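Some notes on the structure that comes next.
Bear in mind that the values in this text are calculations on the coordinates, not laboratory data. These numbers were taken from a predicted model, which means no experiment stands behind them. Virtual Cβ from ideal backbone geometry, glycine too; neighbours counted across all protein chains shown.
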Amino acid sequence: MPAAVTPAPTRKCRRVIRCVGELVRTGILHDTGFENCRTVVNLNLDITLVRIKEMNFRLRKMRALATAKAAGVDGLLVTHLPDVRYLSGFTGSNAALVLTSGRAVLFTDGRYTGQAKAEAVGSRVVIAKESAVATACKWMENAKVRRCGFDAAHTTVAGLNAMRKAVSGKARRGLFVPVESVVSRLREVKDSDEIGKIRAAASLGCQLFEGMLSYLEPGLTETAVAATLEYAARMGGAEGMSFETIVASGERSALPHGRATRAKVPKRGFVTLDFGVILDGYLSDMTRTVHMGKAMPVERDVYDFVLEAQEAAVAAVAPGVTAGEVDEAARSVLRRVKLDTYFSHSTGHGVGLEIHEGPRLAAKQKQVLEQGMVITIEPGVYMPGRFGLRIEDMVLVTATGGEVLTPSIKAWTEL
Ligand code: ZN
Ligand code: ZN
């Protein structure tokens, strides 16, 4: 009898294998589980994907609760929507998620009955008749939660008052405890599922930039450039743009945040494009600066120094390195050529479900980079009234260094 032939894994199988590998690496699944799953995967059962998805969310919820407990609470109320999505999978616009030992309950309203059940795998769904947060607070009181951590960074004074009003006078005292950055710190390190989604968004961003190279010409308004890019993004499957597209041309390139205006792309001068797309909830962010027509030598020189600074910072990315050290790698290049005073912002930021996440890559930042973080590296030089430019990549922190996720051309480009 000939030996059984194992069919080549399909794309979906390969994705499942990657997810299972992640669970093994994080200790949730034992090694033998990996082999068992591989067998199941080869049978190509959809159910495996659902289970893996559920395990991803379960792992995130377990970590969030463990961190919250270490801060002295026995329950966690999550109201910041990107955090709710990260922990439960739910993408609706109104939600509160409660985590207590062994339980995860998602509160939302009647518009999301079907969607919440489909998306929030592994969480119990409660459709609230009044405010989702108030219902969540009442539920916690009934469930005898003694100290509930709430997100100090995203809860307003009015929000906290409403939470207090929702519970009885007795429960009100001491129930709500502010906790900081519990979920946002977890979100800084991306798992393999998230990295896959970020890669896809970054790669769409690169395709869009390449398309713009053949489109850009003098006389187009910045808004027309932004509109064309955004139309192509939507046609490419983007759910939206990560932020308002920046198109800064000519003298306006000296504005670090030059939103597109009716100004026209000049015959000679820089055009900076800073934009990102949202795919499957995850954001991309990249900047390229091109030159229209023939450049002055000083423009070419400054471009080369910014590129050198950007590449030095990308090369400095590695696990164990501090965010401040990566910032200094870029800043020191510009300091050497006396351009550092024109570099008026930080070197980069984390990016994922939101455009500005931790870690922050700025001068003297002590936070240590970890494998799985996705950050931007974006030094720039801005000379008011003259010109400016910035070059930005997204970089994944790997086991040994950094991998650029936005490999579009950075070499001097004259159109
Ligand atoms: Zn950007
Ligand atoms: Zn950025």
task: May I ask you to compute the full-extension gain from L255 to D280, defined as 0.36 nm times their residue separation minus their alpha-carbon distance, rounded to one decimal in nm?
output: 5.9 nm
- prompt: Based on the alpha-carbon gyration tensor of region 189-404 and its eigenvalue square roots a ≥ b ≥ c, which shape applies: rounded if a/c is under 1.5, prolate if not and a/b is larger than b/c, or oblate?
  reply: oblate
statement: The relative contact order of the chain, taking Cα pairs under 8 Å that sit 6 or more residues apart, comes to a percentage of 12
The chain, helix-only ellipticity at 222 nm - DSSP H runs n ≥ 4, -39,500 (n - 2.57), divided by all residues, nearest 500: -13500 deg cm²/dmol
Packing rank of 386-392, 146-152, 257-263, 282-288, where each peptide gets the mean count of other beta carbons within 10 Å, highest leading: 282-288, 386-392, 146-152, 257-263
- prompt: With contacts defined as alpha carbon pairs under 8 Å and 6 or more residues apart, what's the relative contact order of region 235-375 in percent?
  reply: 20
